[in-house]
Amino acid sequence: MKKSLKELSELVGGEISGENVFIKGVAKAEEAKEGEITFAVSGRFLKKAEQSKASAVIVSLEVKEFNKPIIRVKNPRLAFAQLLEFFTPQRFRFLGVHTTAIIGKNVKIGQRVTVGPYSVVEDGAILGDDVYLSSFTYLGRGVSVGKGSFFHPRVTVLDGTSIGERVIIHSGAVIGSDGFGFVKKEDGSYYKIPQVGRVIVEDEVEIGANVSIDRATTGETRIGKGTKIDNLVHIAHNVKVGENVVMVALVGISGSSSIGDGVILAGQAGVTEHVNIGSGAMVAAKAGVTKDIPPNLFVSGFPARNHAKQKRIKAVTYRLPEILKRIERLEKLV
Amino acid sequence: MKKSLKELSELVGGEISGENVFIKGVAKAEEAKEGEITFAVSGRFLKKAEQSKASAVIVSLEVKEFNKPIIRVKNPRLAFAQLLEFFTPQRFRFLGVHTTAIIGKNVKIGQRVTVGPYSVVEDGAILGDDVYLSSFTYLGRGVSVGKGSFFHPRVTVLDGTSIGERVIIHSGAVIGSDGFGFVKKEDGSYYKIPQVGRVIVEDEVEIGANVSIDRATTGETRIGKGTKIDNLVHIAHNVKVGENVVMVALVGISGSSSIGDGVILAGQAGVTEHVNIGSGAMVAAKAGVTKDIPPNLFVSGFPARNHAKQKRIKAVTYRLPEILKRIERLEKLV
Amino acid sequence: MKKSLKELSELVGGEISGENVFIKGVAKAEEAKEGEITFAVSGRFLKKAEQSKASAVIVSLEVKEFNKPIIRVKNPRLAFAQLLEFFTPQRFRFLGVHTTAIIGKNVKIGQRVTVGPYSVVEDGAILGDDVYLSSFTYLGRGVSVGKGSFFHPRVTVLDGTSIGERVIIHSGAVIGSDGFGFVKKEDGSYYKIPQVGRVIVEDEVEIGANVSIDRATTGETRIGKGTKIDNLVHIAHNVKVGENVVMVALVGISGSSSIGDGVILAGQAGVTEHVNIGSGAMVAAKAGVTKDIPPNLFVSGFPARNHAKQKRIKAVTYRLPEILKRIERLEKLV
């Protein structure tokens, strides 16, 4: 496929400047070859794009001068994603239910549903139209999967879980495992609290590879619409995650906590039990949240506190050996 | 099913106070509906239970006045777990060995054993009575699984592993992967140390989703009786875990360390190689244990130290910007 | 099998001292039985070996006196690994393609290739000679696996990934999952950036259980020759990992970062996006790398800094309660 820069600019709602070159692909600046288009948002990336082999660059509206043909748009990253999608051949096509798939009783299957080889779909499951389940899918009893959801190979969704529409789940993810709930007995051993609740995953959620999301003890664990979860994240029982939340890899959320809309949890952050993180808050990498966080606050450290304050404290901490010497000097003087 | 409060109190060895209402289910306070019973341990949870829609509440012996019918017991949380179990329909029933399960040579299978679809059981495995292996189980050569153990779908247990009785293993867990052992050669490359030991999991252990437990280099990695392991935990080769240990999600234990009975490791904690954690010790979330910890000590931070001391240090750390100003003032005065 | 100490010393290029005993196995000191050989590198381990039940010990060239027969070698740990390999029966043998394996179109299969039960190999995959794929392997379209590579049960390798020769991959690992890339839209929701790049795993890499390695957005994620990755590690899109890198369990590497040759990342360390870690650098357990690290530097803490400096700062931090008292005393005096 080959398209003129003009045609591409119409696809992304942008304006072109420079020669109306033909483009046959999309790539990041460092990998771009002749005939491809890349994008650049700010300073050093603009320079990198100018020096790249790309034949054209998607830039923001403010960029005036450039040594290559450009498409100017409001959000260059979004336009890049859109063109990448445009140029990418659809990787998956409707295949139907594979002869080796084991389908239980009273399973409802919509139009154009794919169930890959060696999948197991238990009794009472419901698959909406255009659902694509790759090889080795496991769906427990009464699981429902909404229209257009896509599971990569080897996804495990346990009994009673509800998955919304256009949800993407990556390989190795486990949704609906038992919550980690025990009562300590007098002899020091633990008694298992039955975990009889379930998991609700709302529309347009994406769940990474080898993630685990536990079912509620009673009631539900809920992942809000549009939330994106990276690989190896753990979400405990009865957690409520809002809409458009981002959780980077290796984050852990303990039981019954709630995460507001639009919250960002950076890599390896952790959240203790029964706390609320307000909408729009941001939790730095490796931070540990131990109490409620107000909306829109940026917190870091362990225990997690206002990041601006943490930075001031950290700056003084780095000077501690010098500070100790100053105290020693003062003690000699006094 | 519907039972009177009196009948339920007998099941959990408690005493009732208030109307002998009929109860048809069990739920946490926030989810409880009319006709259901909930539980409450302390102050704010008692209030929450009073305000809930529950028709009755399990409370501790000390609670005298309450605005709903109650069952008084020594351990409300335990009674809650027992009633939850009582009201929960058994999710799994004996299904036998599925026709698609591949069973190797010299495999011994006890009474009432279930082996789910698309499972592979290698030569010489031994399955005790009432073992339940869900879909996609993999058991390596010579693996033994004790009576009444339950595997959720997609558990991988590699060659030679011994699993005790009434063990529960969740989806995606891998037991018996190679230890991470290499010798650095002069050219900077690594030579793999064969990992020929095995893993022993004692009775009543529970292992979470996507956990990994490595086999020993030689000898054994051992998980003691009654220990509970949350999701995404890593346990390295030759680790010895005692009885009734609790490991919360994303904990990592390095090679050859030993964890005493009753130890609690909170989320994302880590333990370095060749250290011993004494019985009853507690390791705070995100703490990093770098040397031996005496019994019953509560440690936090990295490197992990006595938590009481760490708190005093942290309190002063937060005052560092102020402390620096005080030093500057002193310097001007002197 | 039984070999004289002399014969074993020739296998590892060492010299013997003491009685030429017969040896029938290899074990770590704490597990060694009579008739077995163990190894010891330094002080307390030498003592442990002397007190063990082992009949002989591999030691370094410097060891002169010892109460048991010894083999002296340059690298005792390496000799131990070599003898362990020598005494270990080959666990796996050529089995061919199992009748239940589903093999796509245009798949090229070399000599002596094993494909285990319930595996799925998609169209266009290429398997080199002596490749061993255990049960439940998933290979996506166009995946290539080089000569002699070994996959434990339940490995997932997604479309387009290239795996080198003599690579070992453990159960539950996912190679080629989508990178975590989204563009925030004006309404707060996220637009998925298609992930159309791939993963290249070079020769002699080992990848642990339940690891996830994401494909590149465009271009490639690359794992260099001889690199060893422990369990539950996350490697994001477009990361470049050099040769002979070691990553201990639960490490996370964010997008587009590069890790130089011979770098060691200890357990639960993390690396932010778009940073470079120089060759030979070492990152302590739980450290968080937030900016470029020069070659050969040992860093710790968060943000990760020169470890020697961090230790000095930490030492003063532990004295903060005392320091505060000294300041208070000064204030009274002045």
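A few comments on the model shown:
- Test item: Cα-centred dipole of chain C, Lys/Arg +1 and Asp/Glu -1 on Cβ, debye: 1100 debye
- Interchain or long-range residues, amide H under 5 Å from C:Ile193's placed H: C:Gly181, C:Phe182, C:Val183
- The smallest convex shape that holds all Cα atoms of region A:215-279, its convex hull, gives 65 Å³ per residue.
- Averaging the sequence gap over all C-alpha pairs within less than 8 Å and six or more residues apart, then dividing by the number of residues, gives region B:58-123 a relative contact order of 25 percent.
- When the alpha-carbon atoms of region C:147-207 are used, the pair Rg, Dmax equals 15.4, 51 angstrom.
- Alpha carbon centroid spacing (whole Å) that separates region A:56-75 from region A:262-304: 36 Å
- Average other protein chain Cβ within 10 Å of Cβ, residues A:61-71: 0
- Modelled FRET efficiency - R0 35 Å, C:Lys108 with B:Asn106, Cβ distances, 0.05 increments: 0.45
- Comparing B:Lys147, B:Lys68, B:Lys225 in a Gaussian network model of chain B where C-alpha atoms under 10 Å apart are linked, the largest mean-square fluctuation is found at B:Lys68.
- Theoretical FRET efficiency, 1/(1+(r/R0)^6), r = Cβ-Cβ of A:Leu11 and A:Lys311, R0 41 Å, to 0.05: 0.45
- Percentage of interatomic Cα-Cα distances in region C:202-334 larger than 19 Å: 50 percent
- Across region B:201-334, the mean sequence separation of Cα contacts (distance under 8 Å, 6 or more residues apart), normalised by length, yields a relative contact order of 13 percent.
- About its Cα centre, the protein assembly as shown has a charge dipole of approximately 2760 debye under the convention of +1 per Lys or Arg Cβ and -1 per Asp or Glu Cβ, with nothing else charged.
- With the largest listed first and rounded to whole Å, the semi-axes of the equivalent ellipsoid of region B:186-257 from the Cα gyration tensor are 25, 14, 9.
- Distance-filtered residues of region C:58-98 - backbone nitrogen under 17 Å, label point 7 angstrom along C:Ser4 Cα→Cβ: C:69-72
- Theoretical ellipticity at 222 nm over chain A - DSSP helices of four or more residues, -39500 (n - 2.57) apiece, nearest 500: -5000 deg cm²/dmol
- Contour excess over end-to-end distance, with Cα ends at B:Val41 and B:Asn67 and 0.36 nm allotted per residue: 7.8 nm
- Calculated SAXS-style log₁₀ I(q)/I(0) at q = 0.10, 0.14, 0.22 Å⁻¹ - region C:98-203, Debye, Cα scatterers: -0.31, -0.53, -1.09
- Residue-averaged beta-carbon neighbours from other chains (10 angstrom radius) around B:203-215: 6
- For B:Gln90, inter-copy separations between label points set 7 Å beyond Cα along the Cβ vector come to 4.7, 4.7 nm, shortest first.
- Relative contact order (percent, whole number), chain C, Cα cutoff 8 Å, 6+ residue spacing: 6 percent
- Taken residue by residue and averaged, Cβ atoms of other chains lying within 10 Å of the Cβ of C:119-127 number 2.
- Shape box of the protein assembly as shown [Cα atoms, principal axes, largest first, Å]: 89, 84, 83
- By the Kirkwood approach, averaging reciprocal distances over each pair of separate Cα atoms, region C:1-139 gets a hydrodynamic radius of 17.4 Å.
- Region C:1-41 and region C:142-182: distance between their alpha carbon centers, rounded to Å: 37 Å
- By the rule of a C-alpha distance below 16 Å, with chain neighbours fewer than 8 residues away ignored, the lysines paired with C:Lys225 are B:Lys184, B:Lys185, B:Lys192, C:Lys147, C:Lys240.
- Largest-first principal axis extents, alpha carbons of chain B, Å: 87, 74, 28
- Sorting the segments B:287-296, A:173-182 by their mean number of nearby beta carbons within 10 angstrom, highest to lowest, gives A:173-182, B:287-296.
- Residue-by-residue Karplus 3J(HN,Hα) for region B:47-56, coefficients 6.51, -1.76, 1.60, Hz, glycine and proline x: 4, 4, 5, 5, 7, 6, 8, 4, 8, 7
- Close Lys pairs in region A:3-87 (alpha-carbon distance under 14 Å; sequence gap of 8 or more, or different chains): 15.
- Largest first, the residues C:Arg77, A:Arg72 sort by 1.4 Å accessible area into C:Arg77, A:Arg72.
- For region A:102-309, the share of accessible area belonging to carbon and sulfur comes to 50 percent (1.4 Å probe, ligands and nucleic acids excluded).
The values are calculated or read from the model by the stated rules, or taken from the named source; none is laboratory data. Please read these numbers as outputs of a predicted model, since none were measured by experiment. So basically every Cβ, Gly included, is an ideal-geometry build from the backbone, and we count neighbours across all protein chains shown. Ligands, DNA and RNA are excluded from the accessible area calculation, which covers all protein heavy atoms including side chains. Shrake-Rupley method; radii C 1.70, N 1.55, O 1.52, S 1.80 Å.
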